[in-house]
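Worksheet: one structure, shown below.
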Amino acid sequence: MVKKVAILANGGDVSGFNAVIRAIVKTAEGRGVKCYGFIDGYRGLLKNEYIPLSTSDSRKASGILPKGGSIIGSSTNANVFNYKVEENGEIVYKDLSDVCVENLKKDEFDCLFTLGGDGTQKSARDFSLKGINVIGVPKTIDNDVACTDITFGYNTAVSVASDALDRLHTTGETHHRIMVLEVMGRYAGWIALESAIAGGADVALIPEIPYDINKAVEKINHRRDMGKNFSIVVVAEGAMPKGGDITIEGTRNNGSGVDNTKLGGVGSIVAKQLEELTGLEARCTVLGYIQRGGTPTAFDRVLSTKYGSKAMELALEGKFNVLTVLKDGKLDCVPLEEVVGNNKVIGAVSGNTKESNIRKVNMDNDLVKTARNIGICLGD
């Protein structure tokens, strides 16, 4: 019998976190279940810092449906299976997951809801192996969580990128320029591809298709031959040239088992190359964290609410150690083992490796076919 549950939000912030929290709490309250939220993701679980969540008397979980971010915070660098600590003036990394397990048992939580992407759900799977009842909810603007058709937060990011492209159109057309928009997505091109279609872009460069810059030049020159002296180019931060590598802005030091690569800068490189090869002025805009913030779209509010409500239903049914997913338009769940795939090593939470089970754009996807059909150059 589930009587007391905890929620944590982990990873980069997205619009929709609060809608999921609200849906879990409201569904739980209707069944007499008490809800709590760990502060700042897995770090809060390690420190055992949590607060009660309720929709009554305007406490915490009330009025948060349109609010961006997470009312209980989040963490992007709290791998508790390989946690950074200081001992005798030196930085060392320790597996502190057992401390988290003891906290959950001491607090008598019957289930832990983990709101996050592939790294978050990998840790959730690892906790399930330690006897914790876990239910994951797929979050990320990158839309790259395995086993589900869409993650919450993605639609809002695409909408923001599409709006940016609308605005860049007017500037590009006025000044006869090539306008390059660099968007997030890490190793998956979902945001770039879908926003390119929605925003009427002429070129879209995504990680799944190593690009030939000359193909983009051909597209731009063809437009110029037709009397169109401007072009719109969308570049995913993980895009790479044929025979080349991704562009790295820097590296973090969050320990082993996590992806410490900080992507960024490919948009400026592409803009410079296009300007040199076409003779047209080119400008690059990096959308950055604007994609993550602000109020969620109506789509993400509904999707997040559906995910949160379904997650609580699964807990009440005793279906643990699963990820809540959307498959062919229907809510369902899959074992966290399937989400993890071949990424089995305890503590290795994420990264663009052969073992990582992230969902990338397939060349048979309708978005790819649609882009090609309407003349968007994909760099190949």
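The values are calculated or read from the model by the stated rules, or taken from the named source; none is laboratory data. All figures in this text were calculated on a predicted structure; none of them were measured in a lab. Note: ideal-geometry Cβ built from the backbone for every residue, glycine included; neighbour counts use all protein chains shown.
For GLY279, the stated conditions do not hold, so it cannot be described as in the same structural domain as ARG125 (by TED's automatic domain parsing) and either more than 20 Å from GLY185 (Cα to Cα) or not polar (S, T, N, Q) (or both).
More than 13 Å from VAL234 (Cα to Cα) and surrounded by 20 or more Cβ atoms within 10 Å (Cβ to Cβ): is that true of THR171 in this structure? No, not satisfied. Screening LEU263, LEU316, LEU323 for residues that are buried (at least 22 other Cβ atoms within 10 Å of the Cβ) and within 30 Å of MET1 (Cβ to Cβ) leaves exactly one candidate, LEU323. Considering only region 211-229, I want to know if a residue exists there that is in contact (Cβ under 8 Å) with a residue 12 or more places away in the chain, among the acidic types (Asp, Glu) and crowded, with 18+ Cβ neighbours inside 10 Å. No: zero hits. Checking each residue in region 339-361 for being closer than 17 Å to THR140 by Cβ and among the charged types (D, E, K, R) picks out ARG359, LYS360. With respect to ALA19, determine if the residue is more than 13 Å from PHE152 (Cβ to Cβ) and aliphatic (A, V, I, L, M). In short, no. The set of residues in region 229-251 being part of a loop (DSSP other than H, G, I, E, B) and either among the charged types (D, E, K, R) or not assigned by TED's automatic domain parsing to the domain that holds ILE197 (or both) consists of GLU237, LYS242, ASP245.
Has region 283-305 got at least one residue that is outside the structural domain of GLY12 (by TED's automatic domain parsing), over 22 Å from the mean Cα position of the chain (by Cα) and either under 30 Å from ILE213 (Cβ atoms) or part of a loop (DSSP other than H, G, I, E, B) (or both)? So far as region 283-305 goes, yes, one or more of its residues are outside the structural domain of GLY12 (by TED's automatic domain parsing), over 22 Å from the mean Cα position of the chain (by Cα) and either under 30 Å from ILE213 (Cβ atoms) or part of a loop (DSSP other than H, G, I, E, B) (or both).
The number of residues in region 157-202 that are touching a residue at least 60 places away in the same chain (Cβ under 8 Å) and farther than 16 Å from ARG283 by Cβ comes to 15.
Take the conditions in contact with a Cys (Cβ under 7 Å, 6 or more places away or on another chain), over 24 Å from LEU193 (Cβ atoms) and either free of Cβ contacts under 8 Å to residues at least 60 places away in the same chain or not assigned by TED's automatic domain parsing to the domain that holds GLY243 (or both) and apply them to LEU314. Does it pass? Yes, satisfied.
For region 113-143, filtered to residues that are touching a residue at least 60 places away in the same chain (Cβ under 8 Å) and more than 28 Å from ALA188 (Cα to Cα), the residue that is surrounded by the fewest Cβ atoms within 10 Å (Cβ to Cβ) is LEU129.
Just one of the listed residues (GLY44, GLY73) is touching a residue at least 60 places away in the same chain (Cβ under 8 Å) and assigned by TED's automatic domain parsing to the domain that holds ALA124, and it is GLY73. Of all residues in region 200-228, those that are under 22 Å from ARG359 (Cβ atoms) and either touching an Asp or Glu at 6+ places or on another chain (Cβ under 9 Å) or not in a loop (DSSP other than H, G, I, E, B) (or both) total 6.
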